Amino acid sequence: MLQTISYLYQVADVFAFLVLAAAGLAIIFGMMGIINMAHGEFIAVGAYVTTYSYQAGAPLIVGMLLGAVVAGLFGVVIERTIVRRFYHRPIDSLVATWGISLMMTQGALLLFGSGAPGVGTPFGSVAFAGGSFSVYRLVLVVVAVLMLAGLYLVFMKTRFGVHARATMQNAAMARSLGVPVDRIYAATFGLGAALAGLAGGLYAPTMTLSPMIGSSFVIEAFVTVVAGGADVLVGTPPAAIALAVIKATATAFWGQVYGVMGLLVAVCLVVRILPEGFTGWMTRRRA
């Protein structure tokens, strides 16, 4: 019983991590075609703002929301000043955002040093079936599900969502119909950066804060986006579930290193079998 509960808990924990880490990256890639190599650094922005806000006396949830807002605003500035010049130039955009990531990492190192005060994990733990489980990790699972539901409502039920999907499908046609494509791009990049910042804020209590904290998310985020495909709403949830099962199983039997290796092997198989990722597979099933 305890082993089964522990395994399901691990799967849920990995699922939440993959969804929260990849959502912002998936939105920017799916909607704009930009491979954002600075995604980990936007996560770090959220973690730093959350931590220092909490140390200054703000409630933890306020610090997390503030981290998302600051990361989102910073993302809009980056999009307006740099990224907008590299649309339809995916390789150039990759190099540009990689340069941004290097500057952000070194800037954080100069400003804050190699370490920072920590934030204790809230809510403690709960005993069940002879084991102890972190309540906060369960909260993160709920937040991940709510995030997916919120993104569905934003992109399927709002005017911004209609414009964003139209821009993704055919930017030139959307512009000719009066859609403010430039503002949609800025808002989309800002939303992706804000979700990255929120992920950093949510996981700040569980990690040691450093300028390299974003690197803890990058591999899993990119693997999830590649496996999920271009549509964050269609591809990311099933990709996160499948990868969570693979990583949790490999980790349970062989350890953490093999869990990460399992993710990499899985994404290679997905690219080979499903070139469009889970997005293409789910789209064909619905058709």
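Every listed requirement among (1) under 27 Å from Ile34 (Cβ atoms); (2) in contact (Cβ under 8 Å) with a residue 60 or more places away in the chain is met by Val162 save one, (2). Take the conditions (1) touching a helix residue (DSSP H, G or I) at 6+ places or on another chain (Cβ under 8 Å); (2) part of a loop (DSSP other than H, G, I, E, B); Ser114 misses just one of them, which is (1).
Each row is one residue, and each column tells you yes or no for (1) within 23 Å of the chain's Cα centre (by Cα); (2) of a type in the set (A, V, I, L, M); (3) open to solvent by less than 30 Å² (accessible area, probe 1.4 Å).
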residue	(1), (2), (3)
Ala108	yes, yes, yes
Gly113	no, no, yes
Gly120	yes, no, no
Phe123	no, no, no
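For (1) open to solvent by 50 Å² or more (accessible area, probe 1.4 Å); (2) out of contact with any Phe, Trp or Tyr (no Cβ under 8 Å at 6 or more places or on another chain), each residue gets a yes or a no:
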position: Met156; (1), (2): yes, yes
position: Phe160; (1), (2): yes, yes
position: Asn170; (1), (2): yes, yes
position: Ala174; (1), (2): no, yes
position: Val179; (1), (2): no, yes
position: Asp182; (1), (2): yes, yes
position: Thr188; (1), (2): no, yes
position: Leu195; (1), (2): no, yes
position: Tyr203; (1), (2): no, no
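Selection of the stretch 51-97 for residues being within 29 Å of Gly118 (Cα to Cα) and either in contact with a Lys or Arg (Cβ under 9 Å, 6 or more places away or on another chain) or not in a helix (DSSP H, G or I) (or both) yields Ala56, Gly57, Ala58, Pro59.
For the stretch 128-144, the candidate set comprises residues that are in a helix (DSSP H, G or I) and without any contact (Cβ under 8 Å) to a residue 40 or more places away in the chain; within that set, the residue that is farthest from Phe15 (Cα to Cα) is Val135.
Just one of the listed residues (Ile61, Ile27, Ile78, Ile35) is of a type in the set (Val, Ile, Thr), out of contact with any strand residue (DSSP E or B) (no Cβ under 9 Å at 6 or more places or on another chain) and open to solvent by less than 10 Å² (accessible area, probe 1.4 Å), and it is Ile27.
The values are calculated or read from the model by the stated rules, or taken from the named source; none is laboratory data. None of the values given here were measured: they were computed from a predicted structure. Quick reminder, even Gly has a Cβ in these numbers, built from the backbone with ideal geometry, and neighbours come from all protein chains shown. Heavy atoms of the whole protein, side chains included, go into the accessibility calculation; ligands, DNA and RNA do not. Shrake-Rupley method; radii C 1.70, N 1.55, O 1.52, S 1.80 Å.
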